[in-house]
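Since the structure comes first, as structure tokens, the remarks are kept for the end.
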Amino acid sequence: MSAAPDIDTLRRGACPSLPEPMPTGDGLLARLQAAAPLSLDQLAGLARLASALGNGIIEVTARGKLQLRGLNPETAGKLEAGVAALGIALPDGFPVETSALAGRDPSALVDPRPLAEDVGQGAAGLLPRLAPKASVVIDAGGGFSLAALKADIAATALPSGWRIDLAAQPAGVVETARAPDAILRLMTLLAEAGPTARMAGLVAREGLAMLAETAGLSPLSAEAARASVDPVGLHHLTDGTHALGIGLAFGQMRAEALSALVAAARAAGVADVEPAAGRALLLTGLAPEAARALQTEATRLGFLTDPIDPLRRVSACAGQPACASAWIETHALARALAPLIGEGELHVSGCIKGCAHPARARLTVVGLDAGAGLVVEGTPRDVPRRVLPLAGLRAGLVHWLEKGD
């Protein structure tokens, strides 16, 4: 049996970043949030950096951020300079998250970037007093919904104004002109609560009504539910061109596959590439015929190009040996189980942290010191319905799924 993970690695603390990469099982992990879509030259440059400085693995997270794995203390120090040399813009101020194809999605109600800019700049001075994982999400109200993302503060566009959610609880609405001030008031309250405070705790302590009143929110009215669009597939853009969304199995790709994709994208006439929430890349500026040809080539290179591919419903963390916290290898197990899961999501988590998918899933397989726990309609932290031994785990899980008991 594997050695027990160090207790500190079981805490989901600060996020890795370019200046402060995080140690894990395969070296140091660095994360970056691009402030603008990437050019093909920049994407090719990231592939070269991943090969030269890391282990050649690049990831797109569930929140649409980029990660490079397998760095060491010497190469990690070179990565920040390498990213800067590529001219990749990083958030200036607080890193607000926006929905995909911001300003280019014809289904969106607004362009979320002005509000994100106002909040990001306005909250820059609060950064030292906010929790490392404090998050603000600005959803444009189109098909690329960010509702599945955990957020301390989420603003979703409405036909007139913005709906504000606090720790996933609807708090009220605010007109567009007052939205930056309302969000900054809430962020100030969070900062005043201390550098480890999160909105869920603030709501529990102060009450949703008090926070809504402090921010100047008006009561919510009923609104129609809207369907979210998988970023994988073809999407119309406001300029008449198309974006091709491709997915990454478990959010990972090899540098050589990315380099080949960039070459194919150049030939197809891609304008730029945007990492998107849902572990995907959106390649923009395409004519329909070129998009379909690029889609075929991306499939050949191992990317996910069909939104109904079973792997689009599977979340799996890096697992052993890449993660020091993991009790089990995750990717091969997830591939074996994906065709058997049917409807709903499958989550294979190396440990109870649930980094790849903190929310509930139809079935969660979680690595434990005593084996692998099977959690039905829950998260890795929930009590498993059954624990299977690590020896013969794959066969045991397949048998359990097929029998349904």
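The values are calculated or read from the model by the stated rules, or taken from the named source; none is laboratory data. Just so it is clear, the structure is predicted and the values come from calculations on it, not from any experiment. Cβ coordinates were reconstructed from backbone atoms using ideal geometry, including for glycine residues, and neighbour counts include every protein chain displayed. Side chains are part of the model used for accessible areas, which takes the heavy atoms of the whole protein and leaves out ligands, DNA and RNA. Shrake-Rupley method; radii C 1.70, N 1.55, O 1.52, S 1.80 Å.
How many percent of Cα pairs in the range 135-187 exceed 15 Å?
Value for the range 135-187 (Cα pairs over 15 Å): 38 percent.
May I ask you to give the average projected area over all directions of the convex hull of the Cα atoms of the range 13-81, in nm² rounded to one decimal?
Dividing the Cα hull surface by four gives the mean projection, 4.7 nm².
Quick one: P(r) of the range 146-254 from all Cα-Cα pairs, 5 Å bins, percents rounded to integers, in order of increasing distance.
2, 10, 18, 18, 14, 12, 11, 10, 5, 1
Leaving ligands, DNA and RNA out of it, work out the accessible area of HIS399 with a 1.4 Å probe and give it in Å² to the nearest 10.
100
Can you list the equivalent-ellipsoid semi-axes of the range 241-339, largest first and in whole Å, using the square root of 5 times each Cα gyration tensor eigenvalue?
Each semi-axis is the square root of five times an eigenvalue, giving 28, 14, 11 Å.
Using the heavy atoms of the protein chains and a 1.4 angstrom probe, tell me the accessible area per residue for the chain in square angstrom.
44
For a distance above 14 Å, tell me the whole-number percent of Cα pairs in the range 78-136 that qualify.
It works out to 64 percent of all Cα pairs.
Determine the calculated [θ] at 222 nm for the chain from helices alone, applying -39500 (n - 2.57) to every DSSP H run no shorter than 4 residues and normalising by the residue count; nearest 500 deg cm²/dmol.
Calculated from helices alone, the mean residue ellipticity at 222 nm is -8500 deg cm²/dmol.
Gain in length, ASN55 to ARG360, computed as 0.36 nm per residue apart minus the alpha-carbon separation, to one decimal in nm?
Length gained, ASN55 through ARG360: 106.7 nm.
First compute the accessible area of the range 98-169 with a 1.4 Å probe, then give the percent of it belonging to carbon and sulfur atoms.
54
In whole Å, what are the extents of the range 109-162 along the principal axes defined by its C-alpha atoms, from largest to smallest?
Computed over the Cα atoms, the extents are 34, 22, 14 Å.
At 0.36 nm per residue, minus the direct Cα-Cα distance, what do GLU343 and ARG129 gain on full extension? Give it in nm, one decimal, please.
Residue separation times 0.36 nm, minus the Cα-Cα distance, leaves 72.8 nm.
For the range 206-263, compute Rg over Rh where Rg is the Cα radius of gyration and Rh is the Kirkwood radius from the inverse mean 1/r over Cα pairs.
1.26
Over the alpha carbons of the range 261-402, what is the largest minus smallest coordinate on each principal axis, giving the biggest first in Å?
52, 31, 24
Find how many whole Å separate the alpha carbon centroid of the range 135-167 from the alpha carbon centroid of the range 12-68.
Spelled out, the Cα-based centre of one part sits 25 Å from the other.
Please provide three numbers in whole Å: the alpha-carbon extents of the range 270-326 along the principal axes, with the largest listed first.
Dimensions of the range 270-326 along the principal axes of its Cα atoms: 45, 22, 18 Å.
How high is the relative contact order of the chain, in percent, with contacts defined as C-alpha pairs under 8 Å that are six or more residues apart?
It comes to 15 percent, rounded to a whole number.
Take the eigenvalues of the Cα gyration tensor for the chain, scale each by 5, and report the square roots as semi-axes in whole Å, largest first.
Ellipsoid semi-axes (Å, largest first): 31, 28, 23.
Between THR196 and ARG381, what is the spin-label point distance in nm, taking each point 7 Å from the Cα along the Cα→C-beta axis?
Those two pseudo-labels are separated by 1.4 nm.
So how far apart, in nm, are the two label points at MET210 and SER228 if each is 7 Å from Cα heading toward Cβ?
Using points 7 Å along Cα→Cβ, the separation is 3.1 nm.
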